[in-house]
C-alpha cells in the first residue's frame, strides 16, 4: 500500500509554485493528502527571507516532528530557501529531520524521500542553484480552480544588500515564452480565469534569453488565451518598468489595473546603500505615468524601516513620500539583519525598537490614506471575482484591485443561490473602509 505524503508551504507565492511541483512529483509515487497529522511523509517547504520567516520555518519543522510520536509520520523532510541556506545546520540541530533538499534540486524530491526513508540524507547541489521548472513537469495546484500562480523566471541578479535571495535561488533565469504560454493554456483548459504572473524580478523577464525585456510581448500572448480573464502582475521592479509595458497594460483589457511595485525606501542615499537602481524621483515619475495611463489603477508597494544607518531625516523622507504619493496598498517590513549579506555585516544597525516604531508610524499614516483612496469606489459598478460563500449565504470576492491572499475583500449583501465560486459578476460598491468594500449584485 502506498504511503501518504503531505506538503506544508511557508513563504511567498513563488515558494508555493515549488510546493505544487514537488506535490505533483510526489503524487506519482505516494497518496497525496492535506492533513500532515495523517501523513507517513511530511515535506516542509521553508522560507528564509527575513528573521521572522526563519523562525516560523523552524517552528513548523518542530511542530511537524511531533507527528512522529502523536501521528503516523515516519519521514520528515525540509526543502526551500532555509534548507538551501542552512541545510547542514538543520540536520545537525534537528535529529527528527530525515532529509533536506536544496532549491536547485526540486525535481529530485522523490529521490530524496526514498533515500531518507533508509538513512538521513542531504541533497543540495554545490554552487549556484540552477533548477528551472517547465510546463511538462507534473504540478498539483493548491490554489482554487479559478486562480493560479505563473512563475515566469527563477533567481535574482539584483543583489540588494539586505537580501539573501540571490544566494539561495541563484542567478536570474527566464522560462522560454513557449513554455509559459503552454502552461497557461493548460490552466485555462482546467478552468483557471485569473493568473498571477510573477518572478523575483518580473519586469526583467526575457532579458537573459534575448537581451530584451520581453514581458510586454509575453502579456500580449497570454491575453490571447481563451478563458483567461484577469492577468495580474506582481514583483515589478521600477527601474525596468518601461513605457512599452505601461502601454501594454493600458491596451490589454485582461490585464488587471493593479501593479505590485516594491520600492523599499524613499531616500536616495538609503536606496543606493541598498543597491537599488534608480532614484525615488524616477519612481515617482513612473507612478505618475501609470496613473495617467490607467486612472483606476491600484498601486501596491513595500517599504523597509530601520535599514542600517537610517537617520531620522531619511526616515522622514519616506514619510513625506508616502503622504505625497498616496499608495492604494502599502506593506512595511522592519529591516531584518541577515547572515552573509553586506547590510547584515554593517555596524550601524538601527535598534529594533526604532525599526518597529518607524514601521508602526508608516502603517498608521497609510491606513488613513487607504481609507480615503477606497472611497473612490463607492457608488461605482465593478467586476468582482467570487471566492467564498459564507455560512449565512452571503458572498465574498475580490475586485481586480485586490490580489488574492494579500489585499482586501468585497462583501456582497443579500443571498444569491445561482452564483458559484469563480464567477465574475457586476457589483455596485456601497461602502468602503481601509481594506474592504461592501456591495450589492447588479442584475
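Each reported figure results from applying straightforward, stated rules to the coordinates on display, with no laboratory input. Since the model is a prediction, treat every value here as computed from it, not as a measurement.
For this structure, a couple of remarks:
- GNM top mover of 55, 284, 69 - the chain, alpha-carbon springs below 10 Å: 69
- Hull volume per residue, based on the alpha-carbon atoms of the stretch 378-441 and their convex hull, is 79 Å³.
- Here the stretch 301-372 is described by how far its Cα atoms reach on the three principal axes: 41, 21, 19 Å, from widest to narrowest.
- Beta bridges by DSSP in the chain, antiparallel share as percent, to the nearest 5: 30
- Convex hull per residue volume in Å³, alpha carbons only, for the stretch 158-203: 97
- Span from the the stretch 87-131 Cα centroid across to the the stretch 383-407 one, whole angstrom: 38
- DSSP beta bridges fully contained in the stretch 378-441 are about 85 percent antiparallel.
- Global form of the stretch 335-443, assessed from the alpha-carbon gyration tensor, a/c cut-off 1.5: prolate
- Cα-based shape type of the stretch 1-135, given that a ≥ b ≥ c are square roots of the gyration tensor eigenvalues and the cut on a/c is 1.5: rounded
- Rounded if a/c under 1.5, otherwise prolate or oblate - the stretch 171-273, Cα gyration tensor axes: prolate
- Build a GNM of the chain with springs between Cα atoms under 10 Å apart, and of 350, 410, 384 the one that fluctuates most is 350.
- When the helices of the chain are scored as -39500 (n - 2.57) per DSSP H run of n ≥ 4 and the total is divided over every residue, the value at 222 nm lands at -10500 deg cm²/dmol.
- Pairs of Cα atoms in the stretch 1-58 fall into 5 Å distance bins, from 0 up to the last occupied one, in shares of 4, 21, 25, 22, 15, 9, 3, 1, 0 percent.
- Share of pairwise Cα separations in the stretch 88-237, more than 27 Å, in percent: 33
- Entry note: the stretch 147-376 has Rg to Rh equal to 0.98, where both radii use alpha-carbon atoms and Rh is the Kirkwood radius.
- Dividing the alpha-carbon radius of gyration of the chain by the rule-of-thumb value 2.2 N^0.38 Å gives 1.00.
- The value of relative contact order for the chain, using C-alpha pairs under 8 Å at least six residues apart, is 9 percent.
- Within the listed set 233, 25, 101, the residue fluctuating most in the Gaussian network model of the chain (springs between alpha-carbon atoms under 10 angstrom) is 25.
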